[in-house]
Amino acid sequence: MGLSAVSRTRPSLAPVLLLGALLLATLVLMSNATGDSDRFGALYSLLILINAVGLVIFLILIARNLRNLIRELRERAPGARLKLRMLTMTVGLAVLPVVIVYVFSVRFIGRGIDAWFDVRVDQALRDSLELSQNALELRMREALRTMEVLAAEQPGSGEGGLLAVGNSDLEALRRRAGAEEIALLDQAGSLLAASSTATEIVPDLPARPILLQLAQGRNYVGLDPTRGTDLYIRVAVNVTPLGVGAERRVLHGLFPIVSRLNDLARNVELALAKYTELVYLRDKLKLSFSMTLTLVLLFSLFLAIWFAFYSAERLSAPIRDLAMGTRSVAEGDYETILPVSSHDELGFLVSSFNTMTRRIARARDEVNAQHAYVETVLSKLSSGVLTLDQQEMLITANDSASHILGVSLAESLGRNLDQIAAQHRILRSFVEAIRPQLHDSRPDWQKEFAIFGDRRKVLLSRGTRLPGEDGQPTGHIIVFDDVTGLIQGQREAAWSEVARRLAHEIKNPLTPIQLSAERLRHKYLRKLPPDQTETLDRLTNTIIQQVETMKTMVNAFTEYARPPRIQAQPIDVNDLLLNVVELYRSAYPAVRIETAFDPELPLLPADGNRLRQVLNNLIANAIEALPESQEAVLRITTRHLHEQDSAFAEIRIEDNGTGISADILDNIFEPYVSNKKRGTGLGLAIVKKIVEEHGGMVNLENKAGAGAIATVRLPLHPVTEMTAQRSIA
Amino acid sequence: MLLFGGQGVHAGNISIHDARTAIINDIVHLDLDLDLEFNPDVIEALRSGIAIEFAIDIEFNRPRWYWLNAEVARGKHRFRISFLPLSEQYLLTNVVTGDRQTLPSFDDVITALGTLRSLPLAEVSNFKAGRKYRCAVQVRLDIEALPAPMRPLAYFSRAWRMASDWFEWDFQL
Ligand SMILES: Nc1ncnc2c1ncn2[C@@H]1O[C@H](COP(=O)(O)OP(=O)(O)O)[C@@H](O)[C@H]1O
Ligand SMILES: [Mg+2]
């Protein structure tokens, strides 16, 4: 038996778990990156991107699941509503706590970040910065004044103006001012002379904006952090030339700051820079943390929802299978085998279902086998069997039923009795006979009735109600037999008995009556006066003749009632016929008797005397039927016949007489069927009896033109005991 | 908080006015003239202590009629602007060379950044004399150099998305 397994596609867990792990990792890295930007800072944007893509993939997965679910719900697929319920439950359980935690976390982060900042700290930092600035300002102003004094002294003006200033002059100035480096530049910023404590050959020169400021006539002083780690005061002042047309010069100096002040100022600056950066980033940090948290939230939600889908699918799949399996069993398909996927209660349910369908399938097979068995028995039954439902619809009919009724009932299955009767006229009498019984209150009935088809048939029919599950009748079963043969036999047996009695009772007194009549005649014929002799003679003759007739009749009865005992010996039928025909030719010279014998006809095992009786009877009937006016012709033929595996001798006796009258045609072979004034009606009955004793058949029918034809077929093989026995019955 | 650079605020913008190459000591140098416009948001961030970096990408390509252009050399420069609260000056640092420059006002920063001179690019040996090369340069504000919390917003803000188009010219030894 081919068992079809229900196929099932299950969502794959591994890729989703992998994706989940990846997202989790990026989220961890992201939370680190938000906190300190050095370690994973460079990856931050990439992490966000990966996360967003991952979440979108999750969203697509969920959307696909959701679409499937909606479709299933719309199609009312089994298990869909259960899935929905499990889904809403799981999602509800997961979403609410996660959202609550999220809301609180976001608030806490906001508060936490705000707690970093304090107005007093802010103010303190700004104050210390201002303090540093003031301290430095003092030094700067000092340096500026020193440089302005130096510039006013016109360095090197004594000996040939500014052009003649050499590095040695500047060295002296530098020492006086206490600067680390002093340089003299022309108005375009090119170096003219320089002096420095440092070993560097290239002096540090002011940038373009400073030169621009000087060109506008404003001296410059400012802090410069560009030289290593220490702060310097950079001063640049214009040196106004004395002579007319002389070019403006720039005196540039770098002053170091006391190391302690330098350190403090730098620390303050660093701390403030860090603090202001933090203040500036405050909202962005909050947003950033919230975003990370939101991503975590979405990740958790999506994962939970996806898992809800996954587990709902896993849980509902066997239930859906069960539902579909039950449906297919209900539709009559017992071949469904469901996959057993788990070892829990559901798995147990599924395997129980499988066992159940297997059992049902086996039971159905058994029923089918029994059905086939009953069908075989019914088809081999010689009785006709019909079943009808409550609406008199034909449910089943076996072969014998069709055979007995003479119509093919296979085409009439599923029709009711009225339709069948309308279809087959032959069945009208049958339907009329059983219809009242079906409506009868008695459950069982029996009836004998005749139907008229190609020939008259007597049916013995029995019927009963078919019991249903709850005892209510669900239909009828009708069994019937063709008892025509049986009745025929019974009738023949009865007639034989009558004939035997008649012969016995009547034959005995006949001889004394005849003898008495003859003695009467001898004794009184001469004694009586002549006018009465004639009367006596006529009366006694009548008695004697009538008694003679009665004797023949009684003999015929005796013949009919005689026990069947044939003494078979090889007989040449042609010879026998020739003998009989000669007799008739001399007796009826007016009748022309034609013969056509088959010379090939072999010897036949038969009782010669009986066979002669058969021929006598048939020929006598033919001659009696011949008309007196016309030319009477009798034609007798023999043939050697081969049919299938049996061989026959056929004798045909044709006449051109009156033919058989229609009213007796059907039962012409029955005893006492005659339309002759003095006929016994036993002739053909005896013929039939003898022929059947020989295992043969006899048939009498009207010819197309005029007259009748009698056909006798006798088997050429020896008569078996069986056929002899049956003939007795 | 400004998310997407609203309609009223003008967006930051960089456009390359001119770019030239010059060869000094067998090294190809780049002179760059830029027009820079800063969104107040950026200046505020700068004054709050956020360092801002500009990346300059230069590519030398050899055009090929039969195939994609071949890349011959590629250079990178990076300038960082930061604010010094103590001296209330701006510090402009060339990250590649380490050159630092203090500038008293933001206008000075714009001027200094707008006239970049003698940025070393590639050695002359990379190029064949007489052959034509295609030079391309782009300047942009590097969002990835900002502190992590600022980046996501900066990507979506017109104030921070400062990037010039590629400026192309022919170059021949
Ligand atoms: N060859 C025949 N032609 C016409 N009718 C026949 C013929 N043979 C028999 N019959 C009919 O069959 C009837 C029965 O014949 P049978 O049994 O011999 O009885 P009986 O001859 O005593 O009447 C006859 O009365 C006759 O009507
Ligand atoms: Mg007769």
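Name, by its number, the condition in (1) assigned by TED's automatic domain parsing to the domain that holds A:Asp389; (2) open to solvent by less than 70 Å² (accessible area, probe 1.4 Å); (3) of a type outside the set (Gly, Ala, Ser) that does not hold for A:Asp537.
(1)
Does A:Arg282 qualify as being within 28 Å of A:Thr146 (Cβ to Cβ), within 11 Å of another protein chain (Cβ to nearest Cβ) and not hydroxyl-bearing (Ser, Thr, Tyr)?
No.
Which one is modelled with the highest pLDDT, of the residues in the stretch A:591-627 that are within 16 Å of ligand 1 (Cβ to nearest atom) and either surrounded by fewer than 12 Cβ atoms within 10 Å (Cβ to Cβ) or part of a loop (DSSP other than H, G, I, E, B) (or both)?
Checked the stretch A:591-627; the qualifying residue modelled with the highest pLDDT is A:Glu594.
Restricting to the stretch B:153-166, what's the tally of residues that are closer than 16 Å to A:Ser288 by Cβ and either touching a helix residue (DSSP H, G or I) at 6+ places or on another chain (Cβ under 6 Å) or open to solvent by 20 Å² or more (accessible area, probe 1.4 Å) (or both)?
5
Are there any pairs with C-beta distances below 8 angstrom linking a residue in the stretch A:615-638 that is within 12 Å of ligand 2 (Cβ to nearest atom) to a residue that is modelled with pLDDT of 85 or more and open to solvent by 50 Å² or more (accessible area, probe 1.4 Å), with the two at least 6 apart or on different chains, and if so which?
A:Ile623/A:Tyr588; A:Glu624/A:Lys676; A:Ala625/A:Thr658
Among the numbered criteria (1) open to solvent by 60 Å² or more (accessible area, probe 1.4 Å); (2) in contact with a Pro (Cβ under 9 Å, 6 or more places away or on another chain); (3) assigned by TED's automatic domain parsing to the domain that holds A:Arg639, which one does A:Tyr588 miss?
Against the list (1) open to solvent by 60 Å² or more (accessible area, probe 1.4 Å); (2) in contact with a Pro (Cβ under 9 Å, 6 or more places away or on another chain); (3) assigned by TED's automatic domain parsing to the domain that holds A:Arg639, A:Tyr588 comes up short only on (2).
Given the structure, is A:Glu582 open to solvent by 90 Å² or more (accessible area, probe 1.4 Å), assigned by TED's automatic domain parsing to the domain that holds A:Val698, within 16 Å of ligand 2 (Cβ to nearest atom) and of a type outside the set (Lys, Arg)?
Taking the combined requirement at face value, the residue does not satisfy it.
From the set of residues in the stretch A:326-342 that are farther than 12 Å from A:Thr357 by Cα and open to solvent by 30 Å² or more (accessible area, probe 1.4 Å), which is farthest from the chain's Cα centre (by Cα)?
A:Ser341
Given the structure, is A:Glu469 acidic (Asp, Glu) and at pLDDT below 85? Spell out how you get there, then give the answer.
Details: acidic (Asp, Glu): yes; at pLDDT below 85: yes.
The answer is yes for A:Glu469.
Here is a yes/no grid of residues against (1) under 20 Å from B:Gly49 (Cβ atoms); (2) touching a residue at least 40 places away in the same chain (Cβ under 8 Å); (3) touching a Cys at 6+ places or on another chain (Cβ under 8 Å):
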position: B:Glu88; (1), (2), (3): yes, no, no
position: B:Gly98; (1), (2), (3): no, no, no
position: B:Ser105; (1), (2), (3): yes, no, no
position: B:Ser118; (1), (2), (3): no, yes, no
position: B:Phe127; (1), (2), (3): no, yes, no
position: B:Lys132; (1), (2), (3): no, yes, no
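When you scan the stretch B:1-111 for strands (runs of 3 or more DSSP E) that lie fully inside it, which ones turn up with 2 or more residues that are touching a Gly at 6+ places or on another chain (Cβ under 7 Å), surrounded by fewer than 17 Cβ atoms within 10 Å (Cβ to Cβ) and away from chain A (no Cβ under 13 Å)?
B:27-37
So, of the residues in the stretch A:214-236 that are free of Cβ contacts under 8 Å to residues at least 12 places away in the same chain and farther than 17 Å from B:Leu86 by Cβ, which turns out to be nearest to the other protein chains (Cβ to nearest Cβ)?
Filtering first and then ranking leaves A:Arg218.
Return the pair list, or none, for Cβ contacts closer than 6 Å from residues in the stretch A:130-150 that are within 14 Å of chain B (Cβ to nearest Cβ) and under 13 Å from A:Pro256 (Cα atoms) to residues that are part of a helix (DSSP H, G or I) and open to solvent by less than 70 Å² (accessible area, probe 1.4 Å), at least 6 apart or on different chains.
Cβ pairs passing all conditions: none.
Looking at A:Phe108, A:Phe104 in this structure, which one is part of a helix (DSSP H, G or I), farther than 23 Å from A:Phe302 by Cβ and open to solvent by 40 Å² or more (accessible area, probe 1.4 Å)?
Values: A:Phe104 fails: farther than 23 Å from A:Phe302 by Cβ.
Checking each option against the conditions leaves just A:Phe108.
Any residue in the stretch A:518-528 that is assigned by TED's automatic domain parsing to the domain that holds A:Ala499, modelled with pLDDT under 85 and assigned to a helix (DSSP H, G or I)?
Yes.
Yes/no per residue for (1) assigned by TED's automatic domain parsing to the domain that holds A:Ala143; (2) surrounded by fewer than 16 Cβ atoms within 10 Å (Cβ to Cβ); (3) among the acidic types (Asp, Glu):
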{"position": "A:Leu251", "(1), (2), (3)": "yes, no, no"}
{"position": "A:Ala265", "(1), (2), (3)": "no, no, no"}
{"position": "A:Glu269", "(1), (2), (3)": "no, no, yes"}
{"position": "A:Tyr280", "(1), (2), (3)": "no, no, no"}
{"position": "A:Asp283", "(1), (2), (3)": "no, yes, yes"}
{"position": "A:Thr294", "(1), (2), (3)": "no, yes, no"}
{"position": "A:Phe299", "(1), (2), (3)": "no, no, no"}
{"position": "A:Leu303", "(1), (2), (3)": "no, no, no"}
{"position": "A:Tyr310", "(1), (2), (3)": "no, no, no"}
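Quick check on A:Ser352: is it small (Gly, Ala, Ser), free of Cβ contacts under 8 Å to residues at least 12 places away in the same chain and open to solvent by 40 Å² or more (accessible area, probe 1.4 Å)?
Here the answer is yes, as A:Ser352 does meet what is asked.
When you check A:Val673 against the structure, is it within 13 Å of A:Leu615 (Cα to Cα), within 16 Å of ligand 2 (Cβ to nearest atom) and touching a Leu at 6+ places or on another chain (Cβ under 8 Å), yes or no?
no
In this structure, is A:Gly608 of a type in the set (Gly, Ala, Ser) and within 16 Å of ligand 2 (Cβ to nearest atom)?
Here the answer is no, as A:Gly608 does not meet what is asked.
The values are calculated or read from the model by the stated rules, or taken from the named source; none is laboratory data. Since the model is a prediction, treat every value here as computed from it, not as a measurement. Positions of Cβ are backbone-derived with ideal geometry, glycine not excepted, and every protein chain shown enters the neighbour counts. Calculation scope for accessible area: heavy atoms of the full protein, side chains included, ligands and nucleic acids excluded. Shrake-Rupley method; radii C 1.70, N 1.55, O 1.52, S 1.80 Å.
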